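Each remark here refers to the structure printed beneath this line.
Where a number appears in this text, it was derived from the coordinates with a stated rule and is not lab data. Every value quoted in this text rests on a predicted model; they were computed, and no experiment measured them. Ideal geometry is used to build each Cβ from the backbone, glycine not excepted, and the neighbour counts take in all protein chains shown.
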Amino acid sequence: MRRALFPGSFDPFHNGHLEVVERASKLFDEVVVAAMRNPQKAGPLFSLEERMDLVRLAVDGMQNVSVVALASLVVDLAREVEANVIVRGLRAVSDFEIELQMAQMNRELSGIDTLFVPTSSEYSYLSSKLIREVAAYGGNVSSLVPKAVDVALRERGRPS
C-alpha cells in the first residue's frame, strides 16, 4: 500500500491545502493529513482539535483520507503511520528553498522522500496567514476556504 503523509499547521485549512489533498488522494492508496502544533508560529487562531475537525469536514467524502494530530517530528509520525512519502505543496519558487531543506533533512533522518505538489495558479497566492488577516477584518474569504472553515472564521468575529 502506498501511503502519503501531508503535514501542516492548517490554521486555517484553505482551498490550496484541499487541492493538494485531492491530488495526493489520486496518486496514493491513502493520504494521512497531519495537523500540527508549530512552535515557530505565533499562537494559533484555532486549537489543534478545531483544526483537525475543520480538515475532517473539508475532506469528508474522500474515502482514502484520514486526519491525525502531529506533536512530534514529521518523520516520526511518517514511520508511525507507515507513510511511504511526505507530500508538501508549493505555491511559488520562494517556498521551494525552505521546503527543499526540510525534505533533505527528513530524508537524512528517515530515508522517506518528499513529493512536491505545485498548486494551481488559482491557489498560488493563498496562505493561512493572509486568510486569517482578511477574515479578522471582515473580508469575505468564502471562495478561498472550505465552507466549514468559512463558517468558523465568521464565528471568530473581528478583532476588538
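Could you identify the single residue in 13, 46 that is within 12 Å of the chain's Cα centre (by Cα) and among the aromatic types (Phe, Trp, Tyr)?
Numbers: 46 fails: within 12 Å of the chain's Cα centre (by Cα).
From the options 13, 46, the qualifying one is 13.
Criterion first (over 19 Å from residue 141 (Cα atoms), without any contact (Cβ under 8 Å) to a residue 60 or more places away in the chain and not acidic (Asp, Glu)) does residue 3 satisfy it? Before the answer, list the steps.
Working: over 19 Å from residue 141 (Cα atoms): yes; without any contact (Cβ under 8 Å) to a residue 60 or more places away in the chain: no; not acidic (Asp, Glu): yes.
No, not satisfied.
Let me confirm something: among 68, 81, which residue is without any contact (Cβ under 8 Å) to a residue 60 or more places away in the chain, in contact with a Leu (Cβ under 8 Å, 6 or more places away or on another chain) and among the aliphatic types (A, V, I, L, M)?
Values: 81 fails: without any contact (Cβ under 8 Å) to a residue 60 or more places away in the chain.
Being without any contact (Cβ under 8 Å) to a residue 60 or more places away in the chain, in contact with a Leu (Cβ under 8 Å, 6 or more places away or on another chain) and among the aliphatic types (A, V, I, L, M) holds for just one of 68, 81, which is 68.
What are the pairs with Cβ atoms under 6 angstrom where one residue, in segment 114-137, is among the small types (Gly, Ala, Ser) and the other, located anywhere, is assigned to a helix (DSSP H, G or I)? Sequence gap at least six, or different chains.
135/153
Sort out which residues of segment 140-160 are aliphatic (A, V, I, L, M), assigned to a helix (DSSP H, G or I) and in contact (Cβ under 8 Å) with a residue 60 or more places away in the chain, and write them in order of number.
Restricting attention to segment 140-160, the residues satisfying the condition of being aliphatic (A, V, I, L, M) are 141, 144-145, 148-149, 151-153.
Okay, now just the ones that are also assigned to a helix (DSSP H, G or I), so 148-149, 151-153.
Correct list: 148, 149, 152, 153.
Among (1) in contact with a strand residue (DSSP E or B) (Cβ under 7 Å, 6 or more places away or on another chain); (2) closer than 14 Å to residue 74 by Cβ, there is one condition residue 29 misses while meeting the rest; what is its number?
Exception for residue 29: condition (2).
Could you list, in sequence order, all residues of segment 6-39 that are in contact (Cβ under 8 Å) with a residue 40 or more places away in the chain and part of a loop (DSSP other than H, G, I, E, B)?
9, 10, 11, 12, 13, 14, 28, listed by residue number.
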